[in-house]
Amino acid sequence: FQGGSAHNVIAEEAILEGTIRATHPDIRAQIIDGLERMVSAMNGLYGAKATIRFGDGLPPVINHPTAAELAREAAAKIIGPDNVFKQRHPSLGGEDFAYYLQRVPGCLVRFGAGQPELANIPAHSPYFDFDEGVLPIGAAYLAQVAWLALHKKNILMSPPENDPLTTF
């Protein structure tokens, strides 16, 4: 938020920026509609001249249920079922992987690389230090996902019809 140049003066102009994240495109559209109606109502109520603009932003990550089950099965085989955690609540993190999921069935997997003996430093921190020791486990996991997908011949192996990205 940026508004005016002094704390005790009503600003001539104010700018408020932010992000809108939702778990489904319809919910995002409802939020945008509600904000547009609120701004319009405040303009009428206070005689203001507020405008509102929205960028596209990233779409929500919507995992395909079959892909998610296959991913959990592969993880259980590689690291054991007690080490596989299903996320309890939807995440609102922005991820461009969502564009792939709009075209083909798949799922986003979070692969932990934390070390219990060290401080839990978030991935976006300048102090984050990735533990390369987990790379062989990650590679084995991805190989297991591929093996299961090939041997189960499920929906994940069928590209969408008439998709220019999968038509050769």
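The values are calculated or read from the model by the stated rules, or taken from the named source; none is laboratory data. A quick note: this is a predicted structure, and the numbers were derived from the prediction, not measured. Virtual Cβ from ideal backbone geometry, glycine too; neighbours counted across all protein chains shown.
Tabulated results
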item: The lone exception for residue 101 - which of (1) exposed (fewer than 13 other Cβ atoms within 10 Å of the Cβ); (2) in contact (Cβ under 8 Å) with a residue 40 or more places away in the chain it fails; result: (1)
item: Residue check for residue 148: surrounded by 14 or more Cβ atoms within 10 Å (Cβ to Cβ), modelled with pLDDT of 90 or more and either among the small types (Gly, Ala, Ser) or out of contact with any Leu (no Cβ under 6 Å at 6 or more places or on another chain) (or both); result: no
item: Residue list for segment 52-99, filter: within 24 Å of residue 32 (Cβ to Cβ) and outside any loop (DSSP other than H, G, I, E, B); result: 97, 98, 99
item: Restricting segment 125-141 to residues that are in a loop (DSSP other than H, G, I, E, B) and hydrophobic (A, V, I, L, M, F, W, C), the residue that is nearest to residue 67 (Cα to Cα); result: 130
item: Count of segment 18-51 residues which are within 23 Å of residue 2 (Cβ to Cβ), outside any helix (DSSP H, G or I) and in contact (Cβ under 8 Å) with a residue 12 or more places away in the chain; result: 4
item: The listed residue being in the same structural domain as residue 147 (by TED's automatic domain parsing), part of a loop (DSSP other than H, G, I, E, B) and within 24 Å of residue 20 (Cα to Cα), out of 122, 105; result: 122
item: In segment 70-89, the residues that are closer than 22 Å to residue 23 by Cβ and either surrounded by fewer than 14 Cβ atoms within 10 Å (Cβ to Cβ) or outside the structural domain of residue 134 (by TED's automatic domain parsing) (or both); result: 85, 86, 87, 88, 89
